[in-house]
1. Working only within the stretch 93-116, note down all residues that are among the polar types (S, T, N, Q) and more than 12 Å from residue 80 (Cβ to Cβ).
2. Anything in the stretch 214-249 that is surrounded by 19 or more Cβ atoms within 10 Å (Cβ to Cβ), closer than 21 Å to residue 45 by Cβ and aliphatic (A, V, I, L, M)? List them, or say none.
3. Kindly indicate whether residue 72 is over 13 Å from the mean Cα position of the chain (by Cα), assigned to a strand (DSSP E or B), modelled with pLDDT of 95 or more and under 23 Å from residue 156 (Cβ atoms).
4. Only residues that are of a type in the set (D, E, K, R) and closer than 20 Å to residue 91 by Cα: list them for the stretch 127-139, please.
5. Test residue 39 against the criterion of being in a helix (DSSP H, G or I) and either closer than 16 Å to residue 229 by Cβ or not polar (S, T, N, Q) (or both), and give yes or no.
6. Hey, can you tell me all the residues within the stretch 139-154 that are closer than 20 Å to residue 116 by Cβ and among the hydrophobic types (A, V, I, L, M, F, W, C)?
Amino acid sequence: MKRGYAARPVLKWAGGKRQLQHRILEKLREDIETYYEPFVGGGAIFFALAAENRFKRAVLGDRNADLVEVYRALTEDVEGVIRLLRKYRYDEAEYYRVREQRPRSLAGRAARLIYLNKTGYNGLYRVNRAGEFNVPFGRHKSPLICDEDNLRAAATALGRAEVVTDDFEAVCRDAGPRDAVYFDPPYLPVSKTSNFTAYDPHPFGVDEHERLAQLFERLERRGVCTVLSNSYTEQTRKIFGRFQYDRVPVKRPINSKANLRGPVDEILVFSRPPARKRA
């Protein structure tokens, strides 16, 4: 690994935060004791904070067990993941052969998902009702299947983190005033025909967002620096409008329809600093 190499996200994940990254980072504490991210996804914010050395430790969570396994494999055996990735080729027949595989080892499962993510259609993660990955082969110019420097840098950053598969409330239950929390939940749909949560076999609807808003309020009262992003809709304003927020335009590159990859508005909710006690 190159000296001073800053890790980037290992996977292309729906709802990635690279475009919103600077807006989110400026609303988080500069000196974070423990950073919590219960919906880590591709981890763009986590890796950016790690590059700036802004936290001492992190607790990352996601309900997608396959994703969590990738991060655990990189932490435990990054060289094993790299050795397996070196063997893969960008080839349609190879893609479908790998897609049907069910590796037994943790490193094998992680390498498989990274390969499918790099070579599948539009970097999507999608499973059928049986929980089987079913994204078709993608058309790429020259995908970098095994980015060794970034994988090793990601493993170093993840070495300071605990990665769990758990409910979002459980992930950040211990957050305190010196900590920071970033929520990037499955977004509420912008219309009746859109579905941003298809990658998750567990529904995350209005009731879950209401529960998330209640948690946000508890964390704010506790003095925890807390930030949340979501789609900008009448429903999200109804749920999160009692908090301080910004309306931010974002271009969404992951969509099955090219004409829907333009800018859309998102809501960026953030906690108010706790009131100072009078002397």
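The values are calculated or read from the model by the stated rules, or taken from the named source; none is laboratory data. These numbers come from a predicted model, not from an experiment. Virtual Cβ from ideal backbone geometry, glycine too; neighbours counted across all protein chains shown.
1. Step one: filter the stretch 93-116 for residues among the polar types (S, T, N, Q), giving 101, 105.
Listed by number, the list holds a single entry, 101.
2. Listed by number, the residues that qualify are 215, 219, 224, 227, 228.
3. no
4. Let us first name the residues in the stretch 127-139 that are of a type in the set (D, E, K, R), namely 129, 132, 139.
Within the stretch 127-139, just 139 meets the criteria.
5. Details: in a helix (DSSP H, G or I): no; either closer than 16 Å to residue 229 by Cβ or not polar (S, T, N, Q) (or both): yes.
Spelling it out, it is not the case that residue 39 is in a helix (DSSP H, G or I) and either closer than 16 Å to residue 229 by Cβ or not polar (S, T, N, Q) (or both).
6. Within the stretch 139-154, the first condition is being closer than 20 Å to residue 116 by Cβ, and the residues that meet it are 139-148, 150-151, 154.
Hits for the stretch 139-154 are 144, 145, 146, 151, 154.
Table: residues versus (1) buried (at least 16 other Cβ atoms within 10 Å of the Cβ); (2) of a type outside the set (D, E, K, R); (3) more than 30 Å from residue 203 (Cβ to Cβ).
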position: 8; (1), (2), (3): yes, no, yes
position: 34; (1), (2), (3): yes, yes, no
position: 65; (1), (2), (3): no, yes, no
position: 68; (1), (2), (3): yes, yes, no
position: 71; (1), (2), (3): yes, yes, no
position: 98; (1), (2), (3): yes, yes, no
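Residue-by-condition table, conditions (1) closer than 21 Å to residue 248 by Cβ; (2) basic (Lys, Arg):
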position: 8; (1), (2): no, yes
position: 15; (1), (2): yes, no
position: 24; (1), (2): yes, no
position: 28; (1), (2): yes, no
position: 36; (1), (2): no, no
position: 44; (1), (2): yes, no
position: 48; (1), (2): yes, no
